[in-house]
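Accompanying notes for the structure given below.
The values are calculated or read from the model by the stated rules, or taken from the named source; none is laboratory data. Since the model is a prediction, treat every value here as computed from it, not as a measurement. Counting neighbours? That spans all protein chains shown, and the Cβs are built from the backbone with ideal geometry, glycine included. Only protein heavy atoms, including side chains, enter the accessible area calculation; ligands, DNA and RNA are left aside. Shrake-Rupley method; radii C 1.70, N 1.55, O 1.52, S 1.80 Å.
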Amino acid sequence: MPLSSPAPRTHLHDRRTVFRGYRRADGLWDIEAELHDSKTVPFTIAGEGDWAAGEPIHGMAIRLTVDDDTVVHAIEVAMDHVPHDPCPKAMAPMQRMVGCQLARGWRRSIEQHLGGIEGCAHLRELLFNMATAAFQTMVQSVVPIDPEHPPPHLGKCVTWDFNGPVVARRYPRFYRLQPQPAPPRDK
């Protein structure tokens, strides 16, 4: 999708992320994410290495295996291309996400288990968005239709505004609903 450009410019960097969702024969779900970074010109990190134009600087992938409640049963990580020798040390801590749920609090769980020097910024970026990919994969099969409560995606963006025309058309029961804020959590 082309965007207008305000001035001449030089293309220097590409980042590609891809998310895929799968239903497994055993009833679980695999949610996969890949990240690829490259430069359009030769690139050097002093003391680390040289990369040719188009050669991956970052090439990594994650597979989460989750159940119908989006609880993580397994996680696999690959870091085939990294710019620094210590980068692969971030793979082992990813196992801390087993048992976490891709639901409210997912980002908090990621930061708690993998934040700061405990993990990798790029892997965390992928994990953040894997919850949305899981929802898109599983929504037709797993998200229960509860006529008394609005679906979880309502009120989360301009299209799904409780006061908007799409909610009026698709979910008239919840049109103009004023959701109550979540009660404060005990600390």
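Quick check on the range 88-105: of everything there that is under 21 Å from D26 (Cβ atoms) and of a type outside the set (A, V, I, L, M), which residue is least open to solvent (accessible area, probe 1.4 Å)?
Restricting to residues being under 21 Å from D26 (Cβ atoms) and of a type outside the set (A, V, I, L, M), the top hit is C100.
Checking the condition under 14 Å from the mean Cα position of the chain (by Cα) and under 26 Å from I45 (Cβ atoms), which residue from M79, M91, M60, M130 passes?
None of the others qualify; the one that does is M60.
It is to be established whether one or more residues within the range 26-34 are of a type outside the set (A, V, I, L, M, F, W, C), open to solvent by less than 50 Å² (accessible area, probe 1.4 Å) and touching a Gly at 6+ places or on another chain (Cβ under 6 Å).
No, because not a single residue in the range 26-34 is of a type outside the set (A, V, I, L, M, F, W, C), open to solvent by less than 50 Å² (accessible area, probe 1.4 Å) and touching a Gly at 6+ places or on another chain (Cβ under 6 Å).
Sort through R169, R173 and tell me the only one that's among the basic types (K, R) and touching a residue at least 24 places away in the same chain (Cβ under 8 Å).
The unique qualifying residue is R173.
Among the residues of the range 94-128, count how many are on the phi < 0 side of the Ramachandran plot and outside any helix (DSSP H, G or I).
9
Using the structure shown, decide if R15 is open to solvent by 90 Å² or more (accessible area, probe 1.4 Å), out of contact with any His (no Cβ under 8 Å at 6 or more places or on another chain) and among the basic types (K, R).
no
R15 - would you say it is farther than 20 Å from I75 by Cβ, part of a strand (DSSP E or B) and in contact (Cβ under 8 Å) with a residue 12 or more places away in the chain?
It is true that R15 is farther than 20 Å from I75 by Cβ, part of a strand (DSSP E or B) and in contact (Cβ under 8 Å) with a residue 12 or more places away in the chain.
So the check is Cβ under 9 Å with 6+ separation or different chains; which pairs have a first residue in the range 143-158 that's open to solvent by 50 Å² or more (accessible area, probe 1.4 Å) and at pLDDT 80 or above and a second one that's in a loop (DSSP other than H, G, I, E, B) and among the small types (G, A, S)?
V158/G164
Of everything in the range 35-87 that's among the aliphatic types (A, V, I, L, M), in a strand (DSSP E or B) and more than 26 Å from W106 (Cβ to Cβ), which residue is most open to solvent (accessible area, probe 1.4 Å)?
I45
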